[in-house]
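Reading through the structure tokens given below for one structure.
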């Protein structure tokens, strides 16, 4: 049995399904790490592919996402992990965001979807850019221990956007990200303050 033990042991106890809260059909830890996608099969595959490709880059954003993926998570109900939840329509919670776990964990809760997002200044961010952006906020929470400011921090937002732009333009991964955008087309456009315009 010792040969089958994972490198970190069993931090959540003997239950080998605790990492997905025993819901093995809808919460799959695709990476064997602590970024857990929680949505449709399509969304979970999208998250898995974006994270896997980002980790192939030696850019700052790629290294930070790899660090986040390898960061010890788990805990009761994955409260110490980064859980990426899918937005899939409706008038509530349509804008992507990341927040610290407020139920006793040290993890981050990310909410996003496979949509294009138009910011108040007219700039449109695609689904890959948006997911990477929110994962870097999760990095701030999980790895650096920084609680996000209500309304955001403009300097950090600009820094994250620059890091993601560099990552997505990195020759080692640029074509792969473009392939993901074709494989998972946006389900619509979400405009800041207005919601979905599909």
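The values are calculated or read from the model by the stated rules, or taken from the named source; none is laboratory data. Here the structure is a predicted model, which means the values were calculated and not measured. Because the Cβ atoms are built from the backbone with ideal geometry, glycine has one as well, and the counts that use them run over all protein chains shown.
Looking at residue 83, is it at pLDDT below 80, closer than 27 Å to residue 165 by Cα and in contact with a strand residue (DSSP E or B) (Cβ under 6 Å, 6 or more places away or on another chain)?
In short, no.
In the stretch 36-61, how many are over 23 Å from residue 185 (Cβ atoms) and either free of Cβ contacts under 8 Å to residues at least 40 places away in the same chain or surrounded by 22 or more Cβ atoms within 10 Å (Cβ to Cβ) (or both)?
Total meeting the criteria: 4.
Examine the stretch 89-96 for a residue that is crowded, with 20+ Cβ neighbours inside 10 Å, at negative phi, modelled with pLDDT of 85 or more and not in a helix (DSSP H, G or I), and state whether such a residue exists.
Scanning the stretch 89-96 turns up at least one residue that is crowded, with 20+ Cβ neighbours inside 10 Å, at negative phi, modelled with pLDDT of 85 or more and not in a helix (DSSP H, G or I).
Run down 121, 153, 116 and say which single residue is under 25 Å from residue 56 (Cβ atoms) and more than 15 Å from the chain's Cα centre (by Cα). Walk me through it before giving the result.
Working: 121 fails: under 25 Å from residue 56 (Cβ atoms); 153 fails: under 25 Å from residue 56 (Cβ atoms).
Result: 116 is the single residue among 121, 153, 116 that is under 25 Å from residue 56 (Cβ atoms) and more than 15 Å from the chain's Cα centre (by Cα).
I need the helices (runs of 4 or more DSSP H) fully contained in the stretch 109-198, keeping only those with at least 3 residues that are closer than 14 Å to residue 65 by Cβ.
It comes to 127-142, 154-168.
Return a yes/no flag: does the stretch 38-45 have any residue that is modelled with pLDDT of 70 or more and touching a helix residue (DSSP H, G or I) at 6+ places or on another chain (Cβ under 6 Å).
Scanning the stretch 38-45, I find no residue that is modelled with pLDDT of 70 or more and touching a helix residue (DSSP H, G or I) at 6+ places or on another chain (Cβ under 6 Å), so the answer is no.
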